[in-house]
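The next block holds one structure in the form of structure tokens; read it before the comments.
Values in this text are rule-based calculations from the coordinates and carry no lab data. In this text, all values refer to a predicted model and were calculated from it rather than measured experimentally. Reconstructed Cβ throughout: ideal geometry from the backbone, glycine too, with neighbour counts over all protein chains shown.
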């Protein structure tokens, strides 16, 4: 019944169009847009010759059908015609008058006509070429938009007669929504027959506006449209909102008609449908109700009929009218309600909240009130000054604060421009440039490599496979720029493994549905029908679509109940995908969970070998290659050579031989919360995520007996489950948090009492003692919750940092080199390095050779928390300066828990009370270095004792430390002065400079110097360039150095350009191993398309592909890195100092824990060289 129409010519339409003799000569580049109403026609003419529509003319014919018709025409901003009292009988004459008025104004003919259509129904899902069937569809939707669609259809018919020799295109307001919204968003909970027979569903409106605004937002964010997630608020007399995910509508507030959703000028928005029957029983007719809801409600109704325009409502409210004030408040609160709902639909991943439309663009106070108090929910905060001035209705403006994680934009909409753009595209007047295909160099595998795995690896096994899959994925990232994860069969409602991989590896660039083949229910239904062929075909279709945008895909075994027949299904799927299989084998154990005798002898048992041989045989039968086997849970402290030989004897490649790691067997408080459905209400979040739970106590005893029981319990990490009404137990256990036996409190039943909340909140806020994680179950009795806790099995969550790190570390260490090489490029060889890979590369290298790093600011909470993370990840050895008791108190308050093993890698030294021998050694060393400056021994002792940066620098000078990181609470001068005085510059360097690592989505870039040198000379710029190139290479970024300027090549002259030219020449003479180009502008340096124009005919290795950008001075460098950081929401790691004899790095005083961790690791790697 429905004709589903898309954005290209329809089947059969070409014949009808040819029969109308369309002429689309190359010089005809004008698009006419028409918006036909019942008594008026708005029009515009756009020049599309340049590829982007530019408005040339606009106008309107009003009061069609009367003796007082009026035609107004504006050309390039100047009124050319404004005639009233015309007698235009109908739409045909109106369009003829438009044609005649335009003819003398245009140098060419109209090449295409675009028609705004309010309602496209479920049939027209995008802009479409007009034929008779399309016009009939517009007519068929008249009942859904009675004020608009009949006039739209009439206008189309007459326009086809008036401009019969050009293509006509319809652009429906509904198409932006109907083309992408899913049934759960557009179906009403009404009888199915109403949907089937009458098309009763949600359609949404303002789609043309949303399409335009989404494109503008993408440009402002520097993202492709497909990467944009936003909540767009089109606020005017007619108002709606839209949730945009990956550039497409997933929900909107308007429904079957434009009546649903927000409060509007005269429309009510959301209202209880029972109101209609209630009023109907009291004499209201259908027409009465229609008029009431559409013409007498909204702002007008709330204000008591005073006004429907928000500007008038605002004035009345300012004058003290309570009804007008209420109308404005209801309008704001309805918007806030939908922002909350859409934030949930977008899973909290919101790039921006966008305002457009008359109110959205012009009412700063409304924007402020709508976005108030959203910092905690979305990290969204408005800058009052920028917001107040963003009312010109012409510019795209970011009105959020500098560090807001969710931005707020004001984006003026232009529906006519969007109609012109879509019309030109469908009519083939604009040539859409296809993405360039870049051929990557083929990386030959190492000679000592297993057979190449290629672009996909299927993982299956006889036990838990998640740790191995994580480890393999981390390893694959070192060989492939863009990795993916695919699940052939999805668990259904929630697939925790898929959710884990999406978040850990940032794979949310596509919807979840794109990452799996079928649900478990679908798979079981097909298998029950003995239709495995259809099942595999469905899976393969989804997989091939997903694989297109990935360099490598790890495919996880199908999530389907039971193991019988699963290997056969896996083999069939792998064969269809042409995917080699990596099999994960967990060791057999006896009934007590201990190792078998064969395992203790560094061997696999006979039954295990037989199983592996059968797996290899079954895979061969399906023409699937067994790429390798991961053997997990081997006894530690063994070479495992016998196991490797056993696998070789079976003809099986060894992928990894992993020793037992009990971290995967732990159940954490966070995992229990995930299982039972509980929220953390008090306590440290990092402890909540990683705190293990060994046993559970249900608190039914009195307080004294309970505390005695907990104190005498055998296990060290107990979770106390208690009814929320037991205030005595809750407070007693919370106050006894210093007992090692308490892992956390899980509260069940009704809400926590107000008095208990008040005490806990006070303790948590004042941090007098560390509270254990306190959770509140959302539902369920104490018995139900306790049963769920007792059945919780170990799992991995995106927040399970210790388990994720364990998986990464195991595979860093134990993945066989031959198998690692088979995955792609060998370790530590990176041509293109992404932020995820960059961080993985840093941590891997740091662990291989831990260095001693001084942290002089031991009393800073952020430094202490970062120190705990660094030690637990085994990244460095630390020397923390400060009062020991104060540092430990800060750690206790912050919930920093350090294992006994990690404690062996940290020293706490108090410069004011340290070992006398060490102090004298440092003070005397300082005196010898600075006595030529008139510093005596007493002054030396004072400086070493009172300045922790001097203390740390002297430890480095004497070889007692390898690097230092400071600046969290010291200025750059205070941090760097001792380093410059005592450590001096490295050989070959006269100056110290700095770089930032910019972790951009499309790869890491190095920016220098952005923090130290104000106005470097040509010689200094050359040294900065060479130092920056060496730093980039050291951290896995292949150096291609751009010496930035305001002009490229020989295109301009000037003192600064001459300096850059000279610096480039000197840098090349200092370092010939890396390509260096300059002067060059930033866009030509990093954008291949721009470089192709500005460096046409050049064979520059740098232009368009620069990885190191050297700024000419501190002004441009500091502003440049901050502009890129804020515009792209990227992480900037630095400043990283270079040119010192030993590494000392400066933190920003606004640094985060993550900043400190990254900077310490980079300092450690600098000291490895």
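Computed over the alpha carbons of the stretch 225-347, Rg followed by Dmax gives 16.0, 52 Å.
On the basis of the beta-carbon distance and an R0 of 25 Å, residue 933 and residue 912 show a calculated FRET efficiency of 0.55. Our summary gives the stretch 456-664 a relative contact order of 24 percent, counting only alpha carbon pairs under 8 angstrom and 6 or more residues apart. The value obtained for the stretch 896-1026, namely the Cα convex hull volume divided by the number of residues, is 185 Å³ per residue.
Note on residue 1069 and residue 386: with the Förster distance fixed at 56 Å, the Cβ-Cβ geometry gives a FRET efficiency of about 0.75. Across all directions, the shadow cast by the convex hull of the stretch 486-560 built on its C-alpha atoms averages 4.7 square nanometres. Considering only alpha-carbon pairs that sit under 8 angstrom and 6 or more positions apart, the relative contact order computed for the stretch 1014-1134 is 32 percent. Given R0 = 30 Å, the distance between the Cβ atoms of residue 1122 and residue 549 translates into a calculated FRET efficiency of 0.45. Between residue 401 and residue 1169, the distance separating the two model label sites (each 7 Å from Cα on the Cα→Cβ line) works out to 3.8 nm. Taking Cα atoms, how many degrees apart are the long axis of helix 916-930 and the longest axis of the chain, rounded to 10 and kept between 0 and 90? Taking the Cα atoms of the chain, the angle to 916-930 is about 70 degrees.
When you restrict to C-alpha pairs under 8 Å that are six or more residues apart and normalise by the size of the chain, the relative contact order lands at 7 percent. On C-alpha positions alone, give me the angle between the axis of helix 566-577 and the longest principal axis of the chain, in degrees, nearest 10. Taking Cα atoms only, the helix is inclined about 60 degrees. Using only alpha carbons, the chain has a radius of gyration to Kirkwood radius ratio (Rg to Rh) of 0.99.
The smallest convex shape that holds all Cα atoms of the stretch 456-664, its convex hull, gives 131 Å³ per residue. The label-point distance for residue 80 and residue 333, in a model that sets each label 7 Å from Cα toward Cβ, rounds to 5.2 nm. Put the Cα centre of the stretch 995-1025 next to the Cα centre of the stretch 312-336 and the gap is 52 Å. The gain in end-to-end length when the residue 132 to residue 513 segment is fully stretched comes to 133.5 nm, 0.36 nm per residue minus the alpha carbon separation.
Distance distribution P(r), the stretch 985-1139, all Cα-Cα pairs, bin width 5 angstrom from 0: 2, 11, 21, 25, 23, 13, 5, 1, 0 percent. Expressed in Å, the radius of gyration and Dmax of the Cα atoms of the stretch 207-415 are 17.3, 57. Put a dot 7 Å past the Cα of residue 1113, heading toward its Cβ, do the same for residue 886, and the two dots end up 4.1 nm apart. Per-residue extension of 0.36 nm, minus the Cα-Cα distance of residue 700 and residue 105, leaves a gain of 205.4 nm for this segment.
Could you give me D for the stretch 162-252, from Stokes-Einstein at 4 °C and 1.567 mPa s, where the hydrodynamic radius is the Kirkwood radius over C-alpha pairs? Units µm² s⁻¹, please.
Result for D is 88 µm²/s.
Assuming 0.36 nm per residue, please report the length gained on full extension of the stretch residue 39 to residue 648 beyond their Cα-Cα distance. Result for the pair: 210.8 nm of gain on full extension.
Measuring spread by the Cα atoms of the stretch 13-172 yields a radius of gyration and Dmax of 15.3, 42 Å.
Starting from the Kirkwood radius over alpha-carbon pairs of the stretch 668-793, derive D by Stokes-Einstein at 25 °C in a medium of 0.890 mPa s and give it in µm² s⁻¹.
173 µm²/s
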